[in-house]
Amino acid sequence: MRHGETDWNVGDRIQGNLDIELNAVGLKQAAAVGRRLATESWDALYSSDLARARQTAECIGAATDHEVRLLPAFRERRYGLFEGLTRTQARERFPLEYAAVERRDPETVPPGDGESLSAHFARIAAALQTLADAHVGQRILVVTHGGVLDLVNRFVRRLPLDTRRDFLIPNTGINRVVRDADGWRITEWGDVRHLADAGRDELM
């Protein structure tokens with residue numbers, strides 16, 4: 001699932017690997033999803049180590065009596081010099097480079113120690129496989145980021161990286177993914193029934 005809302009989500013600002021905390025709405029979303037997940041049985045709770053995901057996971061852990069295990073491999077994509085900018089600012093300051101990111105060119109590396117989409121995909125696919133291998137027959141929860149979930153969906157559905165997204169990634173939306181003898185499949189995506197208002201969709 002995706003973390004709760006941040007002020008940077010509201011401000012259309014690129015977060016990447018910057019450590020941005022939840023805002024008041026995000027904390028309420030995290031508490032709401034925690035209450036909902038307390039009615040289900042889970043074997044383990046993992047989270048990206050970035051604050052917005054970790055805070056969300058800690059709320060869930062408090063409600064479900066699970067320890068949060070931090071996994072840096074599930075961090076958001078590194079956007080280099082784009083991080084901290086709004087999308088409008090990124091287009092103005094880095095028109096060619098940011099245009100390539102917006103059209104989802106898999107090999108474009110954002111300037112300033114950024115990460116290409118293909119490299120991010122390889123990182124997330126490997127981390128997902130590792131977790132599935134470690135928890136055969138179990139149910140686990142991973143709290144992560146919008147860009148990560150974009151790639152999880154594409155990995156499971158075997159979609160190209162450069163096509164337009166045809167699914168939503170709302171804040172604290174629950175996404176259920178299964179791996180069994182038949183392979184990977186999605187059984188539910190973007191479920192926000194625990195929220196009074198639907199969370200904001202991922203930027204890209």
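Things to note:
- Residues satisfying the stated conditions in the range 17-50, i.e. in a helix (DSSP H, G or I), under 16 Å from A62 (Cβ atoms) and without any contact (Cβ under 8 Å) to a residue 40 or more places away in the chain: L27, K28, A31, G34
- Residue match in the range 57-65 (condition: within 19 Å of V143 (Cβ to Cβ), surrounded by 19 or more Cβ atoms within 10 Å (Cβ to Cβ), under 14 Å from the mean Cα position of the chain (by Cα) and not small (G, A, S)): no
- Residue match in the range 24-44 (condition: surrounded by fewer than 20 Cβ atoms within 10 Å (Cβ to Cβ), under 16 Å from the mean Cα position of the chain (by Cα) and closer than 23 Å to T130 by Cβ): no
- Within the range 54-68, the set of residues being over 11 Å from T172 (Cβ atoms) and either in a loop (DSSP other than H, G, I, E, B) or in contact with a His (Cβ under 7 Å, 6 or more places away or on another chain) (or both) comprises D65, H66, E67.
Laboratory data are not the source of any read-out in this text; all were calculated from the coordinates shown. Keep in mind that what you see is a predicted model, and the values were worked out from it rather than measured. So basically every Cβ, Gly included, is an ideal-geometry build from the backbone, and we count neighbours across all protein chains shown.
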